Each structure stands twice: as structure tokens, then as C-alpha cells.
Amino acid sequence: MKKHILFVVALMAILAVIAACAPAPTPVPPTQPPAPTAAPKPTEAPKPTEAPKPTEAPKPTEAPKPTEAPKPTTAPTAAGPQPVTLTINLRKGVKWSDGGDLTSKDVLGTWNILWMQSSASWNSLNDVTAPDAQTVVFNIKTPGPAILDTIIRSTVTRPYSQYGKWMDAAAAFRKANADRKGTDVTNAVNEMLAFRPPNAVVYGPYNIDPKSVTEAQLTMVKNPTGFNADKIDFDKVTVYWGDTTQDMPLYLSGDMDYSSNAYSPANLVAIRAVGNQYVVLGGPATNGPGMYFNNDVYPLNKVEVRQAFAYYIDRVENCKVAFGESCRPVKYEVGFTDAAVPTWLSADQIAKLNTYDPDPKKGDALLTGLGFKKGSDGIWVDDKGKPMAYELIVPADFTEYLASSENVAQQLAKHGIKLTVKPYQSSERNNVHKAGAYQISMDIGFRFTYFHPFVSYDYNLRPGIGFKNDPEGAQGARGMNLPYKQKTIDGKEIDIKEYVTKMAEGFDANAQKPYVADVASMFNRNLPVLEMFERYLTDPIDTKSRVTGWLPVDDKIYKNNQNNSPVARQFLSGQLKPSATNKAKEFKTSYPYTQPPKANYNLYSTDNVMAQGAVLSNFIYPPFTYYDVNEGKYVPFFAESWNIK
């Protein structure tokens, strides 16, 4: 999957893209769910900035006689998460690049427009208000990890100076509770989308020079009033247009400092051969392939059979065949990224997990225990006399997944299970999975678009946006038809649907952890999806030619992926410095940004040049917070602070 397809919303994070695009199977199919919750990204606007004032009650002409107070009764406890308020405190003295102050008016206006656009984020909100110039208060009716990430990390604040006309209109519409599908609102939205300002207004330390934008490259120049601009010593950032094909000559000629495009093992060999100035960063991309078993196909619905598959397959070998050094075999098999396991599970809970290290004897014992036997041709025969021979489907254009599938088939053949690999068009992925039209399917096994296990479980265990499992047939089909009632390693029966819902309620991670632990235990025991490996980033950096100050490659900051870019965080904090020979004080990177004549500077346009990559975007619009996987929490960045009550 091309990194630029995954991060279409990022070059607002334009320099964030550089470090924030997580590579996935190449290329990314158009039907793949968007990467927000994994993080749903807001597209709505906030509720009215001012609540209507209640009418004054008439004064009684005579005080009523007191009546006996009723005896107190126990108030019923409301089910589900209770409304909370999330308050963001903005930094004082921050200026937009046009000289105006960045205040709560900009943030509130951004959320009003999201409301006008019917963003799903507003389904979780009661109101958004701005009690003063530096404070924004979100009244949240259904708190959960998705809306939290949307508010404090992934939503980019727009400038009132450019979008004030529509921000004011959206506020009026919201106050009047206007029909968002009505003509007036629709016309306002369409007018806003057609807006073409001459340049971007930003609050980050860099801005795009419109005169520099060509099909081949663009220049980001210093915004002296931008966030942390006084701490950053680079005067400009050059962004070359292109993906790996266009980047390789630049790396080989020593003309590239960093790029987040996905480089193949052969690319990396060539880059390293240039000299020891190159280091490859490799944090987790938090996605990877997994084998989905159709529970309507006997005996794939048996836990022991799926466990036998796990013991027969060497995931280290499978990883190397598919991605070389650009992946890590999945260790824990809990249904979400290994990188987040220490955050969500205790040491005792992790100790109980089966890591399914390759052990053919254990696989043989499991099948023998079911009454299966090997035929004269060496193929296992199940207890109904049917050979264990199945079809494994895989998207034809997911090249690494195809390589993984073929390797799985080769490995299982050695142990008496025959798989026939059948490639198909990736455009049919959702239809195929929803209908359960397969025996075994190799597909995206887990995803972590924002850092919460709910993202993966909603994708691989419930209907979700991946249409993977729906035993109740709510969508007219059952997917892999894994029953919601399942057991954990300790034999506890849980309801997957209920537990996944519970782990996404509220903002208290400690209250969510028991549900995560039980679903993880169930997943590890039952292996509804046998996960192969996790894609790891291959981001080459030149540590000597033009840029110094890089943290050591083994620093824990690199455990974060591009959505919380380690590169952007080092750059924006002033950690990185121009080398002594870098007289131009220039940082060089690349990304396939929107080229002229389509390129424009309207943040609400799909062709805007600012929103084409996470790292790049961060240089222009730094996020309120970053999520740090090492701390297991969001860390304030551009925002002064934030709190929940």
C-alpha cells in the first residue's frame, strides 16, 4: 500500500508525513478503511457556542406553603459512559503566519464547521464552548478513545482569518439547529469547498512558499512567529515530489535527509552502500497480515485446528520472505500490535499468553487428539474423512501479503496441510469478507490508527468497517461467523461484542483494561485470526551530511510510528541542527504532494497541498498532543495542557 494513500489527510501534517505515514501492504486498496481510530478523523463541526438562555420563570405572588418533602429514593444509575468535559488550554502569544493571534475562536470555529459538515465526531458531543481566548471546553456525551484522539491529536485548527465567514455561518446554523442537509447549509459548505485562498495561514514554524511549488518540488520557509520557531535553526525545508522511484536517485546522490516513503529491502541495500551516514529508522507501522478462518468451514471452526496452524508456521521465516527487515513476526497473537501489549496487559497476563513458537510435534498432537490421521499421500484427513486441503485467498495487489500467503502454503505443505493460494481483486475485499466467501483469507489482521485496542478488535472481531465478523447477521451476512460467546485462556466465557464495546467507553484506561485483557486472552486462545507479522517502517535518514542531533537509532522514541512522528517531534523541539557544512540551513525530504495545477491552499479541499503527509503537516500545524507508546498516554505538545472532569 502506498504510504501516500494511507495518509491523504496528513500533509497538513505536511512535515509530519515524513515521519507519520505508516506503510501498509503495497499498494493500499481503495476499499481499505481509512486510517483515523483506526483513528476516525473529525469531519463535523461543533455545537452552538452559546446555549439559548432559558426564559425567566414568573415570580409567585405568594410563597407556597411548605409540603412534606418526599423521602429520598435511590437514583437509577445510567448505563454506559457518563458525560464529561474536556478542557484544552491553549498557549498564549501564539501567532498565525498572517500576524493574527491564535485563540479559542479559531478552535471553536473549526468545530462549528465540522458540525456544519455533519461530522460523525459530533455524535459524541453535546457542545463546544470557549469561555475565554485561551480555553476551549468540549462537553462530551459519549466519551471514548476515538473522540479523545480526534479532539486532542488529529483535528487541525483552521484560521478564523481565512474561514471566519463559514465559521460564523456554521455557528448560526448550529445555534438554530438548522437542517444540515438543507439548502442553506449545503450551499455554505459547497461555497467553502470552492474557496481558493492565495496561500496557507499556519501556526507552525514553517509555511509553504506558493511561488516555489512546482511539479518537482516545493519549499517551506520559516514562519518566524510560528510555534517553536525560535528553537529551530533550519531556515527552510525542501520537499521533493515523489515516492520511492523518484527518491532513490536523491538518496544515492546524497541529496536527501529523510523520507517516510516505503523502501524495499533492495532499496535499503543500495542506500546503505552509499556510506555510513545513512541509518534506517524502523518503528512499528501497527498493521500487518493475518489469516482469517471461516467458521462455516469444518474443521477450521475448531480451536485446536487453528492452533495447529500456528505451531506449523514459522512466522520469522514468513516475515523475512514477505518484507525482509521491514517487519517483525507477531509474538503475542492478541489481536492488536505487540507494541501496545505492555501498555494494556500486566506482566502476569502477558505470561499466560501462548506465543506459538514453531513446534510441529505440538501441531501433530492437536490434530491427532481430534481423531485426525495422515493419509498415504502425507495429507491430514479430518475425523469425517475429508483431506485438510483449503483455498487461501489474498488480494492480488497486496504484493507482500501475496508473498506471505505463498510461503504459508509452502510451510503447511511440509506438515500435511494443503493450501491453494488464490489471488483476487482487492476492490472486492469488503464484499468477500462480509459474505464470508472464502475458506481462509489473508488480509489486514490488525490495525492501530489511534492507540487503543478497540481499533483492531472493532475491525477484526466485529462488523466494523472491515466487515470481518458478524455472527448475528446484522448486515445481511455473517463474515467469518465467529460466535460472540468465547472463552479465555482461563476458561472464562465472555461476549466479544459486549466486551469490545465496554473497552471503548469513557476515558479511564484502567477501567477499560480488564475488558482488553479478557478479549486479548480469548484471541490468544482461539486464534480467530492468525497474525503473521507487523509491518515496520523503513525510513532512511542522513545523519551527517546536512543534519545532526539525531537521537540514537535504539532510542525509545522510535517505538512510536509515523502518526506520532519521532522525526517531527525531534525537528519541532529543536533537537535537530544544521551541520557545519549546511550553510543554507536546509532540511531535505520528499512526498507525493498534490501538484499544480490542482494544488491549492484551502484546507477543506481534497486537493490542498498542506494535507498530504503527517510529518510535513506537523511542521505547518503542530498537533495539540502526541501519543507516546512508551508512556501509554497523550503528551501535551502544542497545547499548554488539557484535562478531563
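Considering the range 432-454 alone, what residues qualify as being over 20 Å from the mean Cα position of the chain (by Cα) and in contact (Cβ under 8 Å) with a residue 24 or more places away in the chain?
Scanning the range 432-454 gives V432, H433, K434, A435, G436, Y438, Q439, I440, S441, M442.
Tell me whether the range 471-484 contains one or more residues that are outside any loop (DSSP other than H, G, I, E, B), over 29 Å from N563 (Cα atoms) and in contact with a Ser or Thr (Cβ under 6 Å, 6 or more places away or on another chain).
no
What strands (runs of 3 or more DSSP E) lie completely within the range 537-640 and have 1 or more residues being among the acidic types (D, E)?
Once the strands (runs of 3 or more DSSP E) in the range 537-640 are filtered for at least 1 residues that are among the acidic types (D, E), what remains is 539-542, 586-590, 625-628.
Checking N187 against (1) within 28 Å of V94 (Cβ to Cβ); (2) more than 30 Å from the chain's Cα centre (by Cα), only one condition comes out false. Which one?
It is condition (1) that N187 fails.
M532 - would you say it is buried (at least 21 other Cβ atoms within 10 Å of the Cβ), free of Cβ contacts under 8 Å to residues at least 60 places away in the same chain and not charged (D, E, K, R)?
When the stated conditions are applied, M532 does not pass them.
In the range 241-293, which residues are in contact with a helix residue (DSSP H, G or I) (Cβ under 7 Å, 6 or more places away or on another chain), of a type in the set (V, I, T) and more than 30 Å from G436 (Cα to Cα)?
T244, I271, V274, V280
Among the listed residues S260, S253, identify the single one that is closer than 30 Å to L530 by Cβ and outside the structural domain of I393 (by TED's automatic domain parsing).
S260
Go through A178, A171, A133 for me and flag whichever is touching a Gly at 6+ places or on another chain (Cβ under 8 Å) and more than 30 Å from Q562 (Cα to Cα).
A171
Among the residues of the range 489-508, write down those that are surrounded by 20 or more Cβ atoms within 10 Å (Cβ to Cβ) and either of a type outside the set (A, V, I, L, M, F, W, C) or part of a helix (DSSP H, G or I) (or both).
I496, Y499, V500, K502, G506
Quick test for you: out of G466, G479, pick the one residue that is farther than 24 Å from A322 by Cβ and either crowded, with 20+ Cβ neighbours inside 10 Å or touching a His at 6+ places or on another chain (Cβ under 9 Å) (or both).
G479
Tally up the residues in the range 206-234 that are without any contact (Cβ under 8 Å) to a residue 40 or more places away in the chain and assigned to a loop (DSSP other than H, G, I, E, B), please.
Within the range 206-234, residues that are without any contact (Cβ under 8 Å) to a residue 40 or more places away in the chain and assigned to a loop (DSSP other than H, G, I, E, B) number 3.
With respect to the numbered conditions (1) closer than 16 Å to A310 by Cα; (2) modelled with pLDDT under 95, which one is the sole condition not fulfilled by S405?
That leaves (2) as the condition not met.
Might you check whether a residue that is within 19 Å of the chain's Cα centre (by Cα) and under 30 Å from N139 (Cα atoms) occurs anywhere in the range 569-578?
yes
Does Y292 meet the test of being assigned by TED's automatic domain parsing to the domain that holds F309, in contact with a Pro (Cβ under 8 Å, 6 or more places away or on another chain) and modelled with pLDDT of 90 or more?
Criteria met by Y292.
May I ask you to list pairs of residues, at least six apart or on different chains, whose Cβ atoms are under 8 Å apart, with the first in the range 256-275 being more than 13 Å from T538 (Cα to Cα) and the second being charged (D, E, K, R)?
These pairs meet every condition: M256/D247; M256/D542; M256/K588; D257/D542; D257/R546; D257/K588.
Considering the range 419-443 alone, what residues qualify as being surrounded by fewer than 16 Cβ atoms within 10 Å (Cβ to Cβ) and closer than 21 Å to F372 by Cβ?
Hit for the range 419-443 is T420, nothing else.
Taking the range 248-266 on its own, how many of its residues are within 22 Å of A322 (Cβ to Cβ) and not in a loop (DSSP other than H, G, I, E, B)?
The qualifying residues number 3.
Among the hydrophobic types (A, V, I, L, M, F, W, C), under 30 Å from T581 (Cα atoms) and touching a helix residue (DSSP H, G or I) at 6+ places or on another chain (Cβ under 9 Å) - does that describe any residue in the range 506-516?
no
Please go through (1) modelled with pLDDT of 95 or more; (2) surrounded by fewer than 13 Cβ atoms within 10 Å (Cβ to Cβ); (3) not in a helix (DSSP H, G or I) for T355 and return the number of the only condition it doesn't satisfy.
Among (1) modelled with pLDDT of 95 or more; (2) surrounded by fewer than 13 Cβ atoms within 10 Å (Cβ to Cβ); (3) not in a helix (DSSP H, G or I), T355 violates only (2).
The values are calculated or read from the model by the stated rules, or taken from the named source; none is laboratory data. Just so you know, these numbers come straight off a predicted model, no measurement behind them. Backbone-built Cβ (ideal geometry, glycine too); neighbour counts: all protein chains shown.
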